[in-house]
Amino acid sequence: MHIPKPLRNALLAVFALAGLLGMGLHSAHADDGSITLVVYKGGWFIGGSGGHGTLTFHGRTYRLGVGGLDYGLIFGGSRTVLHGRVRHITRASDVQGVYAAAGAGLAVGAGVRAIVLTNTKGAVLELEGRQVGLMANADLSGLAITLK
C-alpha cells in the first residue's frame with residue numbers, strides 16, 4: 001500500500017510534536033538510563049514485532065517486554081538487537097508506553113540500524129544496533145514497551 005506523502009509528513013509532524021510536548025511537561029530532575037532491546041519483526045503488508053529487553057536505571061536492571069504493529073509496505077522478517085540510552089525519565093516506569101515511527105529500509109543479511117523514538121511521557125530512546133534478516137519496508141510502526 002502506498003502512503004501519500006502529505007499524509008506521511010503530517011503523521012511525522014504529529015508524532016514529533018507529541019514528543020516535544022511530553023518533554024516539556026517533564027520534571028527538571030529527569031535522568032538517563034541505558035537500554036537494550038531485541039526485536040523480531042515480520043510481515044506481509046501488515047506486520048508485527050515482538051521481543052524483550054532490559055533497562056538499567058539508577059543501578060537497577062528492569063526486564064522489558066516489546067511488541068508492536070507495522071502497516072505499509074512490509075515484506076520479510078528480521079531480528080534487530082539495539083543498544084542505547086533512554087533520556088528524560090524520572091523513574092523506570094517512564095520508559096513504558098507506545099513509541100511511533102515512520103521509516104523505510106532494506107536488510108539483506110546483516111545491516112546497521114539507528115533510530116530515535118519518543119513516547120508521550122517524554123522518554124527519548126536513542127538506539128543503534130544490527131539487523132539480521134531479509135526485510136523490505138516503508139511503513140508506519142508502533143512499538144509498545146512494558147516493564148515485566
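The values are calculated or read from the model by the stated rules, or taken from the named source; none is laboratory data. All of these numbers come straight from a predicted model, not from anything done at the bench. Cβ placement follows ideal geometry from the backbone for every residue including glycine, while neighbour counts extend to all protein chains displayed.
Restricting attention to segment 59-83 and to residues that are among the polar types (S, T, N, Q) and modelled with pLDDT under 95, the residue that is nearest to Thr146 (Cα to Cα) turns out to be Thr80. In segment 59-72, the residues that are at positive phi reach residues that are among the aliphatic types (A, V, I, L, M) and not in a strand (DSSP E or B) with C-beta atoms within less than 9 angstrom, at least six apart or across chains, in these pairs: Gly72/Met1; Gly72/Ile3.
Applying the criterion of being within 14 Å of the chain's Cα centre (by Cα) and modelled with pLDDT of 80 or more to the residues of segment 132-148, the residue that is nearest to Val86 (Cα to Cα) is Ile145.
In segment 79-99, the residue that is nearest to the chain's Cα centre (by Cα) out of those that are surrounded by 21 or more Cβ atoms within 10 Å (Cβ to Cβ) and part of a strand (DSSP E or B) is Tyr99.
Among the residues of segment 26-40, write down those that are modelled with pLDDT of 90 or more and not β-branched (Val, Ile, Thr). Within segment 26-40, Asp31, Asp32, Gly33, Ser34, Leu37, Tyr40 qualify. Being over 15 Å from the mean Cα position of the chain (by Cα), in contact (Cβ under 8 Å) with a residue 60 or more places away in the chain and in a strand (DSSP E or B) is a condition met by no residue of segment 100-107. With respect to Thr56, determine if the residue is in a strand (DSSP E or B) and either modelled with pLDDT of 95 or more or surrounded by fewer than 17 Cβ atoms within 10 Å (Cβ to Cβ) (or both). Yes, satisfied.
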